[in-house]
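Have a look at the structure below, then the notes.
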Amino acid sequence: MNAAALLHLLQFASPALPIGGYSYSQGLETAIERGMVSDAASARAWIAAYLAQVMARWDAPVLWRLMRAFGAGDNVAVALWSERFVASRDCAELRAESIQMGYSLTRLLAELGVGDSAALGEEVALPTAFACAVDALGIGHRDALVASLFSWAENQVLVCVKSVPLGQVAGQRMLLSLAPDIEAAAATAQILTDDELSNWSPGLSILSMQHEVQHGRLYRS
């Protein structure tokens, strides 16, 4: 990976990217509220399970397909997988999260002059906008996939640091320990066939819906 591509990847996979990623917990806040996540061990178990059962089997494989579709100039496949990803958001908060962050990233790409973000349409899922940036900046697909999963895991760890709460050192220790799980999720995402993809996670869906009416929320999902 050349230095320019690496620098682009570090920028667009950073939690500091101004698209609002820090505003969302993806059901984790409700898990903390209900005592399902209460310390470093349960927090790590939650994130690792989410990586293996959700990210590796749906979110990451869809991102992988979107990056490959952009790389091949296959607009039909881009539209197909973007539509399927939006349809897979099975509660209001998760859908709003993906659309809001996709919109913010699309606007950012346009303001930075990166890629043809205008061709993405009005309602853009976050993975679609990210794949567009990856293609425009010449970032390797596997590196982008791993970085995207790391960015997601880092945000989950930050939620735990602030809300469980955990210390900063405990958070960094947890993130370091998740490296094998992130690598495994990325590897799985690249080999699953279309028929093997699944977003089946009813427990997470219920927690996400409960979060919509949770009192005293810090996060938007």
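The values are calculated or read from the model by the stated rules, or taken from the named source; none is laboratory data. All values derive from a computational prediction rather than experimental measurement. Cβ coordinates were reconstructed from backbone atoms using ideal geometry, including for glycine residues, and neighbour counts include every protein chain displayed.
Contact list please: Cβ distance under 7 Å, first residue in the stretch 169-186 and free of Cβ contacts under 8 Å to residues at least 60 places away in the same chain and within 12 Å of ALA40 (Cα to Cα), second residue among the charged types (D, E, K, R) and in a helix (DSSP H, G or I), pairs at least six apart or on different chains.
Partner pairs satisfying both residue conditions: LEU175/GLU154.
When you go through ALA31, ALA16, ALA48 one by one, which is the residue that is aliphatic (A, V, I, L, M) and either part of a loop (DSSP other than H, G, I, E, B) or surrounded by fewer than 16 Cβ atoms within 10 Å (Cβ to Cβ) (or both)?
ALA16
Considering only the stretch 195-216, how many residues are under 18 Å from the mean Cα position of the chain (by Cα) and not in a loop (DSSP other than H, G, I, E, B)?
4
Which of the residues spanning the stretch 112-135 are surrounded by 18 or more Cβ atoms within 10 Å (Cβ to Cβ), at negative phi and either assigned to a helix (DSSP H, G or I) or not hydrophobic (A, V, I, L, M, F, W, C) (or both)?
Selection gives SER117, LEU120, LEU126, PRO127, THR128, ALA129, PHE130, ALA131, CYS132, ALA133, VAL134, ASP135.
Give, as residue ranges, the helices (runs of 4 or more DSSP H) completely inside the stretch 140-194 that count at least 2 residues that are over 18 Å from the mean Cα position of the chain (by Cα).
Answer list for the stretch 140-194: 141-163, 168-177.
So that you can scan it fast, the table gives a plain yes or no per residue for (1) of a type outside the set (S, T, N, Q); (2) at pLDDT 95 or above:
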| position | (1), (2) |
| --- | --- |
| ARG142 | yes, yes |
| VAL161 | yes, yes |
| GLN168 | no, yes |
| ASP181 | yes, yes |
| SER208 | no, no |
| GLU212 | yes, no |
| LEU218 | yes, no |
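I'd like the full set of residues that are under 14 Å from the mean Cα position of the chain (by Cα) and of a type in the set (A, V, I, L, M, F, W, C), limited to the stretch 17-47.
Result: LEU17, ILE19, LEU28, ILE47.
Have a look at VAL146, VAL157 and point out the one that is among the aliphatic types (A, V, I, L, M), closer than 14 Å to LEU63 by Cα, at pLDDT 95 or above and surrounded by 17 or more Cβ atoms within 10 Å (Cβ to Cβ).
VAL146
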